[in-house]
Structure formats: C-alpha cells, structure tokens
1. Can you give me the Cα centroid spacing of the range 103-125 and the range 143-176 in angstrom?
2. Rounded to the nearest whole Å³, what is the per residue volume of the convex hull around the Cα atoms of the chain?
3. Give me the number: length gained by fully extending residue 171 to residue 121, i.e. 0.36 nm times residue separation minus the C-alpha to C-alpha distance, one decimal in nm.
4. Classify the range 21-71 as rounded, prolate or oblate from the Cα gyration tensor: take a ≥ b ≥ c as the square roots of its eigenvalues, call it rounded if a/c is under 1.5, otherwise prolate when a/b beats b/c and oblate if not.
5. Would you kindly state how much longer the chain becomes between residue 12 and residue 32 on full extension, computed as 0.36 nm times their sequence separation minus their alpha carbon distance, in nm to one decimal?
6. Quote the relative contact order of the chain in percent (integer), defining contacts as alpha-carbon pairs under 8 Å separated by 6+ residues.
7. If packing is taken as the average count of other Cβ atoms within 10 Å, what order do 122-129, 168-175, 139-146 fall into, highest mean first?
Ligand code: FPP
C-alpha cells in the first residue's frame, strides 16, 4: 500500500530525509566566463540558503555532498579553494547555532587539516542541542569507503560473523542512528549516484534536473517535493 494513501488530497507529505548532490558549480561558472572557484562560492551560498529553507519548512534531515573521497583528484588549487570555502562556513558559527540547526559531518575527517577538524568538532558541539533541522555535511565522504570503515569497526569490536545483520552494518555507518534518505536530488543533468550514501539509498526515490546547483532555488525544491508526493513507495512489497 502506498504510504501516501491516507493523506487528504491537498495535504503534502515532506520526506523525512532529503539528500542532495550539489553538482554543477564548475559549469555554472564556465557559462559566465568565471573561474571554477566562483562556482563553488556561489554553490556554497546556495547551500546555506537551501539549508535555511529546509529548516524553515520543518524538514527533519538534510544531507549534502560537499567533497567526495574522489574529489582529491582535482587540481590542488581547486581542492584548496573548496576547503577554504568550507573553513569559512565553519568559522561562521551562526550558520548552525543561531538557526537551531544540528550539524554533523560524515566522511573520513582524519586526513583533513587540523584547523578544519577542530572547527568541525566545535560546530558539532555547539549545535548538539539544536532541535531543528539535522544537517549532515558529507566531507571526504565515499559510500564504499564508509562501508570499509564500518566493516573494520565491526571486526575490531569482536562481533561474531553469524551475529552480523544488516542492522549491524547500518549501526556502524557515519549515519548511524539516522533514518535513510527518502529522497535524493541531483541537479546539473547527471544521472548517477557517484558513491553517495550507497548503503542508505537502497529504497530512496531519485529526482534529477538540468538546473546547475547555484541556480537550484527553494521553488525547485518545492517542485521536487511535489513530485515526491506522486511517488508510490512499496519497499519491495505490492
Ligand atoms: C560539484 O560541482 C561540487 C563540488 C565537488 C563541491 C561542492 C562544494 C561546495 C558547494 C562548497 C563547500 C561546501 C560547504 C558545505 C560550505 P562540480 O565542481 O563537480 O561542477 P561541474 O560538474 O559543473 O564541474
């Protein structure tokens, strides 16, 4: 049975957890004859606007892909620029604290600069008691890397092989304790998951669009949510 069947016709259901792949910053800049760095700056500003909007409409979980384990292949100058933008975001603590947004980071932070690791920890601590949006920022994140990390922790903890269940894996991911994403949005005209939340997305609904991330506005999110309301989620049932 559809999970939407019980709602009145006019009532909209918000997904509990939306995940976004913030793609298209480079092409957005190129279209304007700007350096790619300008695209990432515009993408970062848009991320803040969309996170704030999600908090305003009462979304419970938002996960954004800021930097993947594969993004290190980019020119050093671009990687440094993304890290600089990320650091500036972290330094502006009001981004999460004053807005009642609880921020967490998913991914392998151990290889990031010490300053950034410290700021990440401080922002998680400062927003620990927030009751609004749960915001996950995926940084040096890869779905396969996350599963390897989980398996290592399971082996380390001495759990017997015949005691390992799907829930054991789920409980050892960076997203442990959080619901799986209901809805994954990828703008910019690419139709792939790019190693994003590959375990958690087993039953997610997907939404793709040609809009480049810096141009993806609340009205586009609303359109995506409307489309989500027409999906019939069966989770393998009928
Ligand atoms: C993908 O577009 C974007 C990235 C790999 C970086 C995203 C980073 C930010 C939005 C800024 C930092 C994040 C936070 C949380 C403050 P692309 O460069 O692959 O675009 P293209 O496919 O058009 O080249």
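Coordinate-derived values only; no laboratory data. For clarity, every value in this text was computed on a predicted model and none was experimentally measured. Positions of Cβ are backbone-derived with ideal geometry, glycine not excepted, and every protein chain shown enters the neighbour counts.
1. The range 103-125 and the range 143-176 have Cα centres spaced 22 Å from each other.
2. On the way: hull volume 33.8 nm³, N = 238.
Dividing the Cα hull volume of the chain by its residue count gives 142 Å³.
3. On the way: separation 50, 0.36 × 50 = 18.00 nm, distance 2.09 nm.
Once the chain is fully extended between residue 171 and residue 121, it gains 15.9 nm.
4. Details: a/c = 3.45, a/b = 1.72, b/c = 2.01.
Note, shape of the range 21-71 comes out oblate.
5. Details: separation 20, 0.36 × 20 = 7.20 nm, distance 3.68 nm.
Extra length available between residue 12 and residue 32 comes to 3.5 nm.
6. On the way: 352 pairs, mean separation 68.0, N = 238.
So the answer I get is 29 percent.
7. Details: 122-129: 14.8, 168-175: 17.8, 139-146: 20.4.
The most tightly packed comes first, giving 139-146, 168-175, 122-129.
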